[in-house]
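Quick notes on the structure that follows.
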Amino acid sequence: MTVSLLGLPLDANSSHLFGAAQAPQTIRTMLHSGSGNHVTERGLDAVGALDDLGDLDLENIAGSQADADMITTKIEQLVRAGQQVEIVGQMIT
C-alpha cells in the first residue's frame, strides 16, 4: 500500500502562532533522520511506503482563495485517482 504525502506550508491563517509553514519540511527531516523505527508490527516500512509529492506552492497569505482552491483541487485529484493522502502542515480554517 502506498500513501501519498502532501505538504501544505501554510500558517497565514493562524490565530495564535506562526511557524506551521515550516512543518512539512521539518516532518520530512524527522522521517528520514534514522532516529525512529519505521517498520510496523506487520513488517511494513511505513516511511518507505510513502510517495512524497512535495509541497504545494502556496501564497501563504491570510484568507487566500487561490490557496484554498489549489489545496481543494489537488486533494480532489488525488482522491479521485484512488490515492490515500497524508497531509502535513496547516489546513485553511
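Quick check: is even one residue across segment 37-49 of a type outside the set (A, V, I, L, M), surrounded by 15 or more Cβ atoms within 10 Å (Cβ to Cβ) and in contact with a strand residue (DSSP E or B) (Cβ under 7 Å, 6 or more places away or on another chain)? No, segment 37-49 contains no residue that is of a type outside the set (A, V, I, L, M), surrounded by 15 or more Cβ atoms within 10 Å (Cβ to Cβ) and in contact with a strand residue (DSSP E or B) (Cβ under 7 Å, 6 or more places away or on another chain).
Of all residues in segment 1-58, those satisfying the criterion of being within 28 Å of Thr73 (Cβ to Cβ) and among the acidic types (Asp, Glu) are Asp11, Asp51, Asp52, Asp55, Asp57.
Of all residues in segment 50-80, how many are farther than 24 Å from Leu31 by Cα, at pLDDT 90 or above and buried (at least 16 other Cβ atoms within 10 Å of the Cβ)? Within segment 50-80, residues that are farther than 24 Å from Leu31 by Cα, at pLDDT 90 or above and buried (at least 16 other Cβ atoms within 10 Å of the Cβ) number 2.
Within segment 64-86, residues that are farther than 16 Å from Asp52 by Cβ have Cβ atoms under 9 Å from residues that are exposed (fewer than 11 other Cβ atoms within 10 Å of the Cβ) in these pairs: Met70/Asp57, counting only partners at least 6 apart in sequence or on another chain. Residues in segment 16-56 that are in contact (Cβ under 8 Å) with a residue 40 or more places away in the chain, of a type outside the set (Asp, Glu) and out of contact with any Asp or Glu (no Cβ under 9 Å at 6 or more places or on another chain): Ile27, Leu44, Ala49, Leu53, Gly54.
For segment 1-25, a residue qualifies if it is outside any loop (DSSP other than H, G, I, E, B) and either at pLDDT 90 or above or crowded, with 17+ Cβ neighbours inside 10 Å (or both), and the qualifying residues are Ser4, Leu5, Leu6, Gly7, Leu8, Ala20, Ala21, Ala23, Pro24, Gln25. With respect to (1) assigned to a loop (DSSP other than H, G, I, E, B); (2) under 13 Å from the mean Cα position of the chain (by Cα), the lone exception for Glu41 is condition (2).
The values are calculated or read from the model by the stated rules, or taken from the named source; none is laboratory data. All figures in this text were calculated on a predicted structure; none of them were measured in a lab. All Cβ positions, glycine included, derive from the backbone under ideal geometry; neighbour counts span all protein chains shown.
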